[in-house]
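What follows is one structure encoded as structure tokens, with my remarks underneath.
The values are calculated or read from the model by the stated rules, or taken from the named source; none is laboratory data. Predicted, not measured: the structure shown is a model, and the values here were computed from it. Cβ placement follows ideal geometry from the backbone for every residue including glycine, while neighbour counts extend to all protein chains displayed. These area figures cover heavy atoms from the full protein model, side chains too; ligands, DNA and RNA do not enter into them. Shrake-Rupley method; radii C 1.70, N 1.55, O 1.52, S 1.80 Å.
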Amino acid sequence: MQSESIEVQKIEEEIKTLLSTAADNEQFLTQLRGKLISRYPLPEEKRSFWLFQPAMLAGLLAFLALVVILIAGPRNVYASFMKLFGYVPGYGIVENSAGIRVLEQPVSLTRDGIILSVNGAVLTASETRLDYGFAGVPRAAYPASESDPGCLEQPYFLTADGSRIEITSPVPADISRVLFVAPCVPGAVPGAAPVDWALELRFIPAPADFKILAVEDVPTPTAAREDDLQQPGAEAGTADEPQGQVSIEKFIQNDGKVILLGCLKPQLKEGETYQISGPAKIIDADGNNISYSYASDAQIPPDWSTVPVEGDQFAYEFSFNGVQMPVKIVVSGYTIQDVDPAATATLIVNVGENPQPGETLEINREVEISGHKFRLVSITPDSRNGYKFLLDLGENLSSVSVRIDGYNAMGGGGGGSPENPERFQTSLSFEQLPTGELKLIFGRPMKKGQNFTWTGIWDAELEKYVEAAPLLEPCLNADKMALVPAVPAEMSGMIVYRQYQPEPQMILTNLDGTGQQVLSSGYGGVALSSGGTLLASVTNDGVSFFNIETGESSLNANLPDLKIWSPDDTQVAYIAWWEAVSGIVIANSDGGNPQQLTNLGYEFLAGWSPDGKLIYFAIPGYSADGFLLRSVEVESGEVRDVMVLSGSSLKDPRPRISPDGSRIAYRGIQNNSLYLKKLDGSQAQLLVDEVGWAISGVTWSADGKKIAISVLEESGKPAEIFIIDTTGCQVQRVSAVQGDIEAIILP
Amino acid sequence: MEKTMQQRRQKNWVSSREADLIRSAKQNPAAFGELYDHYAGSVYRYILSRTANIDLAQDITSQTFLKVIEMLPRYQHRGYFSAWLFTIARNQMADYYRAHAREEKILPQLQTDSLSDTLSIVVRNERLRELSHLLSGLKEEELDLLRLRNIAELSFAELSQVFSKSEEAVKKSYYRLLTRLQSRLEESNAI
């Protein structure tokens, strides 16, 4: 469907196809392996000064701790340790020793239209964290040839006495002014962009309102026992299970949210490793799954505490509004072991003389390797002179390798499927596709060990929790669809919808299908002004405005796009992704005074707050449970996380803030459900449950009481339009027209 | 998309075994061999993707692993062996390009499906052609980001180490790049 947004997985596959280069590598890699191994034994490791070894540092820290205990007494020790690290949102976990300094004020320099900005800095006794960047660099400034890597010189600080300091190194406490020197724009061709950039930076002691949050200790991190917390959805552990725990080590509180920091601590047998079956679950004492996001800036420092540096670490962030303590983190998976590295098994198959890409050959033959049976389900030729092999490995094996006798593969890959763990797919590609009778050789069987469920419990005295809102019955589901009455003839109002056939057009019509007017052609969107009189349609020539009351039209070629209007209709917002500008841009409604507010480029605009101060948007990739809703302050550009849109579509949740700014509607994970969630983070209400193939449009009425949606029964057919009263749950069908709903205008 | 990300994350969960191997590999060739088996293919594919020249890719892959052998005794594991490895590979590439400053640009090679009269293959090939054109106009660092993510299959955490940026910054750059490519594909009606 044209109106669906980014299909990341698809484009990644295509990029992989284009950037991969097929070549014979097996023989070369084998020879290189032998050559490398012949160089053993390796030279002895050079020992650095003992004091700077991580273990020595840890020992020194422990010694200092003992000194602190002796001097200050045990009761004060905990507080002392808590001061060692602090979390600065946006900068991460830093040493919280005395003397933290920050950048006095953001500074920038513009040369030839290129802007160097230093936006902030946090300086501690052990490091510097600098937020800086170049913007507005023209494409022509970068090398046209891959053989030219462009400028690789790194920026540095230059002090008054002429000495250089790396920008990540500590700046001595007695130096409060440095020159930030960037020899060039990174990656640009020397001469194509200005060189020798210099900006004076001034550092001042962190002000009293500097936000550095305590990284608090979880006193005795332990694995949960099942009798500690009986939860639905959590697997009970057994004495025979592989032992391990989810160790929650630290937590950080911040404005109603908490970040849990920790790691997995497996206790496995020699030679065993493990595989996690999916994202961790966080479950509260009421058995509710808690939506969380990954706090990407809260990385645990490498040499910190009891967290193994090579361990599997996590930093989960969630709102504790409505959460009942204690909270349990549950991780499930299984162990893996080599069965017999030397074992092989063969199978002869005939793929024919002219196998075609995508045409699957069903094989369904059993193979036995080292006493374990598995099944080759099918072979599918692909478009890169290769085959995909689908295997059913059964309950015991986790993987096997495949090769074709007499043919050297140039590449390959494979892996299991979280949805169907017994199915394993592996692929091989060749210079020329092998055809006819093929001898398949299977090897390197890996055995799946026992399943496990590891848990960790976190309990702490936090702020008072808000009771979760009760779940209501959905207003519309598959069973209720057929019973939905049509909009009554006496009901007045208009809708804007997109039709695809016979050509893509945006159409304004009365609810009964009369008075149809084509607003624009093509696939550009429509945004209804907050006042409800102006319809902005995005066309190839600019934004076209149509006044519903007067029927007048006008075109503004200065506006490249328009997604939402400010509450007073004086400003508009859209997403820019071109050249140097990527992110949310606001502008006057005539296109003047454009200002970039964010810099991602993949934001999904959700709406404007009623007071005009905030713009809400959702972004993917920050939570396993759905898109993350953020707000950006129009005046300052300050971005804040609001909440995870739990269970939201992975493609495009079509987030829509209600006109009163209290709720958000968004599509569910299968794209055919719709949730309503209050912005206070309380539990989402399922408004529409699994109707048809997908919900293709979502829009609020101006009074915030009704939501119009369009539902696709199947791909390629026009969608049906429904109006849902969110207060009384009544649903009506707009039977006169079909298409994707864009706006609704009710009296 | 999310499934892919989860799968990539899961790959990182098997890192306890890797840490053991790295410790052993400083003295034990068998352990090094296992590490090599795990990474050699993807390092080679990554380098081959950048050079599109088998001889050159083999040469730089050899140099990369020789460097690894040389530096391994001093390597301190911080959970990102692959990031360390690919940083060495990139440095070897940069060394090569510095020494051969007049090499031709390596464009993504389009290998379309074999001839067929089905509409879907025609449409797909057309889209791939357009994408190939777009990729050839990217900056090297952008292409490298795409390669390391999609050919070498590094996680964002690993990429953040390779590029010396925060994980969020790398993630931002990556998705911004994908969005830009996707939008331009849509613009050209390639989908």
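Scan the range A:671-704 for residues that are in contact with a Leu (Cβ under 9 Å, 6 or more places away or on another chain) and in a loop (DSSP other than H, G, I, E, B) and jot them down.
Listed by number, the residues that qualify are A:Asn671, A:Asn672, A:Ser673, A:Leu679, A:Gln683, A:Ala684, A:Val691, A:Gly692, A:Trp693, A:Ser701, A:Ala702, A:Asp703.
Scan the range B:73-84 and give yes if some residue there is open to solvent by 50 Å² or more (accessible area, probe 1.4 Å) and modelled with pLDDT of 85 or more, otherwise no.
no
Inside the range A:399-410, can you point out the residues that are part of a strand (DSSP E or B) and either farther than 21 Å from A:Lys373 by Cβ or open to solvent by 20 Å² or more (accessible area, probe 1.4 Å) (or both)?
A:Ser399, A:Ser401, A:Arg403, A:Ile404
Output yes when any residue across the range A:130-147 is open to solvent by 70 Å² or more (accessible area, probe 1.4 Å) and among the aromatic types (Phe, Trp, Tyr), and no when none is.
So in the range A:130-147, the residues open to solvent by 70 Å² or more (accessible area, probe 1.4 Å) come out as A:132, A:139-140, A:144.
Now drop any that are not among the aromatic types (Phe, Trp, Tyr), which leaves A:132.
Yes, because at least one residue in the range A:130-147 is open to solvent by 70 Å² or more (accessible area, probe 1.4 Å) and among the aromatic types (Phe, Trp, Tyr).
Residues being under 34 Å from the mean Cα position of the chain (by Cα) and part of a loop (DSSP other than H, G, I, E, B): count how many of those fall in the range A:482-526.
6
Can you confirm whether B:Glu186 is open to solvent by 10 Å² or more (accessible area, probe 1.4 Å) and more than 7 Å from chain A (Cβ to nearest Cβ)?
Considered against the rule, which asks whether it is open to solvent by 10 Å² or more (accessible area, probe 1.4 Å) and more than 7 Å from chain A (Cβ to nearest Cβ), B:Glu186 comes out as yes.
Give the residue that is farthest from the other protein chains (Cβ to nearest Cβ), with candidates limited to residues of the range B:60-72 that are open to solvent by less than 20 Å² (accessible area, probe 1.4 Å) and without any contact (Cβ under 8 Å) to a residue 40 or more places away in the chain.
B:Ile60
Is it the case that the range A:259-277 has a residue that's open to solvent by 50 Å² or more (accessible area, probe 1.4 Å), among the acidic types (Asp, Glu), more than 30 Å from A:Arg640 (Cβ to Cβ) and modelled with pLDDT under 75?
So far as the range A:259-277 goes, yes, one or more of its residues are open to solvent by 50 Å² or more (accessible area, probe 1.4 Å), among the acidic types (Asp, Glu), more than 30 Å from A:Arg640 (Cβ to Cβ) and modelled with pLDDT under 75.
Let me spell it out: the conditions are (1) modelled with pLDDT of 85 or more; (2) within 31 Å of the chain's Cα centre (by Cα); (3) surrounded by 15 or more Cβ atoms within 10 Å (Cβ to Cβ), and A:Ala478 meets all of them except one. Which number is the exception?
(3)
Among (1) under 28 Å from A:Glu216 (Cα atoms); (2) assigned to a loop (DSSP other than H, G, I, E, B), there is one condition A:Pro143 misses while meeting the rest; what is its number?
(1)
Against the condition assigned to a loop (DSSP other than H, G, I, E, B) and either open to solvent by 40 Å² or more (accessible area, probe 1.4 Å) or closer than 30 Å to A:Leu645 by Cβ (or both), how does A:Glu353 come out, does it pass?
Yes.
How many of the residues making up the range B:127-144 are at the interface with chain A (Cβ under 7 Å from one of its Cβ atoms) and free of Cβ contacts under 8 Å to residues at least 24 places away in the same chain?
Total meeting the criteria: 4.
Are any residues in the range A:605-658 touching a residue at least 40 places away in the same chain (Cβ under 8 Å), out of contact with any strand residue (DSSP E or B) (no Cβ under 8 Å at 6 or more places or on another chain), over 22 Å from B:Glu168 (Cα atoms) and of a type in the set (D, E, K, R), and if so, which ones?
Selection gives A:Asp611 alone.
Filtering the range A:709-729 down to residues that are under 30 Å from the mean Cα position of the chain (by Cα) and open to solvent by 30 Å² or more (accessible area, probe 1.4 Å), which residue is nearest to A:Thr699 (Cα to Cα)?
A:Glu713
Is it the case that A:Val377 is surrounded by fewer than 20 Cβ atoms within 10 Å (Cβ to Cβ), under 35 Å from the mean Cα position of the chain (by Cα), modelled with pLDDT of 85 or more and more than 30 Å from A:Ser126 (Cβ to Cβ)? Before the answer, list the steps.
Values: surrounded by fewer than 20 Cβ atoms within 10 Å (Cβ to Cβ): yes; under 35 Å from the mean Cα position of the chain (by Cα): yes; modelled with pLDDT of 85 or more: yes; more than 30 Å from A:Ser126 (Cβ to Cβ): yes.
So A:Val377 fits the description; yes.
Just to verify a result, which residue in the range A:330-350, among those that are more than 14 Å from chain B (Cβ to nearest Cβ) and open to solvent by less than 30 Å² (accessible area, probe 1.4 Å), is nearest to A:Ser293 (Cα to Cα)?
The selected residue is A:Val330.
Can B:Glu158 be described as closer than 21 Å to B:Ser42 by Cα, touching a helix residue (DSSP H, G or I) at 6+ places or on another chain (Cβ under 8 Å), more than 9 Å from every other protein chain (Cβ to nearest Cβ) and part of a helix (DSSP H, G or I)?
yes
Filter the range A:709-741 down to the residues that are closer than 17 Å to A:Pro653 by Cβ and not β-branched (Val, Ile, Thr) and list them by number.
Scanning the range A:709-741 gives A:Ser710, A:Leu712, A:Asp740.
Kindly provide the set of residues from the range A:358-370 that are within 11 Å of chain B (Cβ to nearest Cβ) and open to solvent by less than 40 Å² (accessible area, probe 1.4 Å), ordered by number.
none
Would you pick out the residues in the range A:578-611 that are away from chain B (no Cβ under 13 Å), part of a loop (DSSP other than H, G, I, E, B) and open to solvent by 20 Å² or more (accessible area, probe 1.4 Å)?
Listed by number, the residues that qualify are A:Ser589, A:Asp590, A:Gly592, A:Asn593, A:Pro594, A:Leu597, A:Pro610, A:Asp611.
Could we say that B:Arg147 is touching a helix residue (DSSP H, G or I) at 6+ places or on another chain (Cβ under 9 Å), facing chain A (nearest Cβ under 10 Å) and at pLDDT 80 or above here?
Judged against the criteria, B:Arg147 is a match.
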